[in-house]
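Report on the following structure.
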Amino acid sequence: MSDTKIKCVVVEDEQHTARLIENYISQIKQLEWLGSFVTPVELLNFARIDEVQIIYLDIQMPGMTGVDFLKLKPVNAEIIFTTAYSKYALEGYELDVTDYLLKPVELPRFIKATQKAIDRIHLKSSQSNTNEKRSEYILLKVDKKLIRIAVNEIIYVQSDWNYVHVHTPQKKYMVLSTMKGMENELASYDFARIHKSFLINLHHFESIEGNLVQLKSGTRLQVSRNYKQGLMERLA
């Protein structure tokens, strides 16, 4: 686990409750308190609101309730409601809050709710990291089997009827795919179509002169007039 502390805030109009929660926060080494606010409106104006990962949010407040706040501004933070009334628990869960604390808030219950929020934050982070790692590779059908190829190793793709040739520094793969299919597969990466027959990895681009593109590998490919303007815009 990372040593980075989890940033949290308190939104509470009862000063003694706010001070109590701040004291509890100070006892948990994984947490970093960023501030306390009397109303949700004050939190909305907080410059660092996007950094907040846990919000200890009072439900009953003048002007705007905690429930109203969540309906107005969906947030990525874990929400722990604080309330004097257990009847609000059901509505809280319908809003996908992490937990709720009944006032007066007791330390053991506070720790349990906070640990639940921390676990959810770590789970989201783990899933995000896994997705990023997966996205660095694509699966291609080669010789009736699926192989995994690192996207950054693909220099360029060349069409060949119902197949495409995927060129990497190590070898050339004949893949059962159309050029359009490969273009869609690589759409979220830095690839550009330069010809009906060629799709290049912009990280391997070196120069362009006239109607020829030279790649860092030394390969020179033709650029068609239809795609040249789009390529120049991508390189700008």
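Quick notes on this one:
- Of the chymotrypsin sites (Phe, Trp or Tyr not before Pro) found in the stretch 42-82, those in coil by DSSP whose Cβ has at most 16 other Cβ atoms within 10 Å are Phe46.
- Average projection area in nm² (convex hull over Cα atoms of the stretch 6-133, one quarter of hull surface): 7.8 nm²
- Computed over the alpha-carbon atoms, the chain gives an Rg to Rh ratio of 1.23, Rh here being the Kirkwood radius from the mean inverse distance.
- Each stretch of four or more DSSP H residues adds -39500 (n - 2.57); spread over every residue of the chain, this sum gives -9500 deg cm²/dmol at 222 nm.
- Between Val175, Leu123, Leu31, the Cα set farthest toward the positive side of the dipole of the chain (charges on each charged residue's Cβ, about the Cα centre) is that of Val175.
- Under the Debye formula (equal points on every Cα, no solvent term), log10 I(q)/I(0) of the stretch 137-235 at q = 0.14, 0.15 Å⁻¹: -0.47, -0.54
- Those trypsin sites (Lys or Arg not before Pro) in the stretch 171-236 that DSSP places in a loop and that have at most 13 other beta carbons within 10 Å: Lys171, Lys196, Lys216
- All C-alpha to C-alpha distances of the stretch 171-222, sorted into 5 Å bins beginning at zero, yield P(r) values of 5, 18, 28, 26, 18, 6, 0 percent in whole numbers.
- Cross-link table Lys141/Lys228; Lys145/Lys196; Lys29/Lys124; Lys5/Lys103; Lys29/Lys71, entries beyond 23 Å C-alpha to C-alpha: Lys141/Lys228; Lys145/Lys196; Lys5/Lys103; Lys29/Lys71
- Centroid-to-centroid separation of the stretch 178-233 and the stretch 1-45 [C-alpha atoms, Å]: 51 Å
- Relative to its residue count, the stretch 143-191 spans a Cα convex hull of 78 Å³ per residue.
- When you restrict to C-alpha pairs under 8 Å that are six or more residues apart and normalise by the size of the stretch 137-235, the relative contact order lands at 19 percent.
- Loop-resident sites, the stretch 1-70, for trypsin sites (Lys or Arg not before Pro), counting at most 16 other Cβ within 10 Å (DSSP): Lys5, Lys29, Arg48
Bear in mind these aren't lab numbers, they're just calculated from the coordinates by the rules spelled out. None of these values were measured; they are calculated from a predicted model. All Cβ positions, glycine included, derive from the backbone under ideal geometry; neighbour counts span all protein chains shown.
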